[in-house]
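Trainee: The structure is given below, and queries will be raised subsequently.
Any read-out appearing in this document is the output of simple, stated calculations on the displayed coordinates, not a laboratory observation. Everything numeric here is computed off the predicted structure, so don't read it as measured data. Cβ: placed from backbone, ideal geometry, glycine included. Neighbour counts: every protein chain shown.
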């Protein structure tokens with residue numbers, strides 16, 4: 001008979017071997033409060049209607065996995081710098097291969113480990129009805145900052161979150177204290193003023209408009225787009241916890257998440273003029289492919305010089 005502590009040690013060892021940088025465990029029935037409902041009620045999710053549709057499951061993991069007792073949360077590092085040498089900044093998380101596919105295989109290995117101990121699991125990486133940031137904070141991996149992201153004392157917010165819901169009852173971690181203090185640098189750095197009271201209003205967020213939105217970008221947002229080709233890391237760039245510090249060296253980054261040289265030098269004009277076949281060649285197997293060529297071209301056109309007044 002295996003003890004819960006020995007199971008946890010086994011899973012932690014396997015997670016580390018698979019490249020995960022951190023692991024914490026929270027009770028599945030932890031009280032999530034009304035933060036998510038309040039955000040939805042204010043309409044700050046824009047047209048991301050799946051957030052409303054999946055609300056019951058997000059609030060009650062039992063609807064996702066009957067008999068769930070524990071939520072294992074994991075972090076996986078992604079690049080901290082934009083590798084683009086051409087114009088057009090790209091969010092760090094999207095510079096390499098699709099992280100969903102990369103982490104799915106690793107989670108499958110951990111699922112197999114937990115199954116050996118008699119657990120039933122559901123695994124997700126930003127792809128299921130799980131309040132991952134909430135559970136990561138409950139699991140002691142960090143705290144939810146004023147930009148709405150999970151922030152860690154070591155590593156900041158430059159990481160993916162992955163979750164494993166399991167029927168095993170494992171030792172739980174304590175929530176981490178919030179270390180934002182009186183700092184508001186992320187809110188001040190937001191190009192569109194989307195950050196207020198610890199929440200992000202997607203209706204004004206550049207990441208939403210350059211990735212998720214299905215309609216044309218409003219004129220006032222377009223003005224603020226500046227050099228953002230895909231996503232926006234302004235709030236992360238401004239966060240003091242994301243700065244290199246003594247005793248907190250940069251962590252190893254999976255080579256699959258690094259930007260290919262061919263994309264690094266691809267100009268906005270080349271993207272605006274790109275045929276579909278070329279788009280597939282450059283972006284197949286990456287997060288960017290999901291938005292489609294027309295959306296990426298609209299983003300590229302938005303950062304090109306305005307020549308309408310030229311003779």
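Trainee: When averaged across all projection directions, what area in nm² does the alpha-carbon convex hull of segment 142-191 cover?
Mentor: 4.7
Trainee: Additional query: What relative contact order, as a whole-number percentage, does the chain give when Cα pairs under 8 Å and 6 or more residues apart are counted?
Mentor: Worked out over the chain, it gives 24 percent.
Trainee: Ranked by Cβ crowding within 10 angstrom, fewest neighbours first, how are 173, 109 ordered?
Mentor: Working: 173 17, 109 12.
Least to most surrounded, the residues fall as 109, 173.
Trainee: Using alpha carbons only, how many degrees (0 to 90, rounded to 10) separate the axis of helix 99-116 from the longest principal axis of the chain?
Mentor: 10
Trainee: Using alpha carbons only, how many degrees (0 to 90, rounded to 10) separate the axis of helix 293-302 from the longest principal axis of the chain?
Mentor: On a 0 to 90 degree scale, this one is about 60.
Trainee: Sticking with this one: Run lengths n ≥ 4 of DSSP H only: what is the helix-derived mean residue ellipticity at 222 nm for the chain, with -39500 (n - 2.57) per run over all residues, to the nearest 500?
Mentor: Dividing the helical sum by the residues of the chain leaves -8500 deg cm²/dmol.
Trainee: Between residue 183 and residue 215, what is the spin-label point distance in nm, taking each point 7 Å from the Cα along the Cα→C-beta axis?
Mentor: Using points 7 Å along Cα→Cβ, the separation is 3.6 nm.
Trainee: For 106, 101, which order do you get if you count the other beta carbons within 10 Å of each Cβ and list the fewest first? Provide the component values of the computation, followed by the final result.
Mentor: Values: 106 21, 101 13.
Neighbour counts put them in this order, fewest first: 101, 106.
Trainee: Something else about it: In the chain, what % of DSSP beta bridges are antiparallel (nearest 5)? Don't jump to the answer; show the numbers that get you there.
Mentor: Working: 24 of 26 bridges.
Bridges in the chain that DSSP calls antiparallel: roughly 90 percent.
Trainee: When ranked by the protection proxy of mean other Cβ atoms within 10 Å per residue, highest first, what sequence do the peptides 39-47, 226-234 form?
Mentor: For the peptides 39-47, 226-234, the packing ranking is 226-234, 39-47.
Trainee: Taking the Cα centroid of segment 256-294 and of segment 178-202, what is the distance between the two, rounded to the nearest whole Å?
Mentor: 30
Trainee: Using a 10 angstrom cutoff on alpha carbons, build the Gaussian network for the chain and name the most mobile of 131, 174, 70.
Mentor: The residue that fluctuates most here is 174.
Trainee: How much length is gained on full extension from residue 222 to residue 16, taking 0.36 nm per residue of separation minus their Cα-Cα distance?
Mentor: 70.0 nm
Trainee: Highest mean first, how do 80-93, 212-225 rank when packing is the count of other Cβ atoms within 10 Å averaged over residues?
Mentor: On the way: 80-93: 17.7, 212-225: 14.1.
Taking the mean over residues of other Cβ atoms within 10 Å, the ranking is 80-93, 212-225.
Trainee: Here is a further query. What is the distance in Å between the Cα centroid of segment 144-168 and that of segment 67-127?
Mentor: Cα centroid to Cα centroid, the span is 11 Å.
Trainee: What angle, in degrees between 0 and 90 and rounded to the nearest 10, separates the Cα long axis of helix 4-17 from the longest principal axis of the Cα atoms of the chain?
Mentor: 30
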